[in-house]
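K.L.:
Got a structure here, written out as structure tokens. Questions coming.
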Amino acid sequence: MPETITPPRVQDVVKTARPPLHKVILLNDDFTPRGFVVRVLKAEFRMDEGAAMRVMMTAHQRGSCVVAVFTREIAEEKATRATDMAQKEGYPLKFTTEPED
């Protein structure tokens, strides 16, 4: 009897891709007090005083600053909640999101 050769079975390897990340960006304005900006950064983004001051000053000097990077859903939620905190106090402070490069 002739010998039959069966090719080895190939298993498909499923790789799960990481979700695309989005940056939360703080936009500078000339009306919101610096102390309030620091308070929002500490409350919503769990920053310590020093980190919140650095982010606030960078946004103040450059016009905007990346606060943190998250998945799209979390970034949008945090940006919305931080902006809403400011609006409730009557400040025009704004946080936006954009895809990370």
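The values are calculated or read from the model by the stated rules, or taken from the named source; none is laboratory data. Keep in mind that this is a model prediction, so the values were computed, not measured. Please note: Cβ atoms are built from the backbone with ideal geometry, for glycine as well, and neighbour counts cover all protein chains shown.
K.L.:
If Arg18 meets every condition in (1) of a type in the set (Lys, Arg); (2) touching a helix residue (DSSP H, G or I) at 6+ places or on another chain (Cβ under 7 Å); (3) modelled with pLDDT under 95 apart from one, which number is that one?
P.N.:
Failed condition: (2).
Residues are listed down the side, and each one gets a yes or a no for (1) in contact (Cβ under 8 Å) with a residue 40 or more places away in the chain; (2) of a type in the set (Val, Ile, Thr):
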{"residue": "Asp30", "(1), (2)": "no, no"}
{"residue": "Val38", "(1), (2)": "no, yes"}
{"residue": "Ala52", "(1), (2)": "no, no"}
{"residue": "Ile74", "(1), (2)": "no, yes"}
{"residue": "Tyr91", "(1), (2)": "yes, no"}
{"residue": "Thr97", "(1), (2)": "yes, yes"}
{"residue": "Asp101", "(1), (2)": "no, no"}
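K.L.:
I've got another one for you. Taking the stated definitions as given, is Ala86 more than 25 Å from Pro20 (Cα to Cα) and either in contact (Cβ under 8 Å) with a residue 12 or more places away in the chain or of a type in the set (Asp, Glu) (or both)?
P.N.:
Yes, satisfied.
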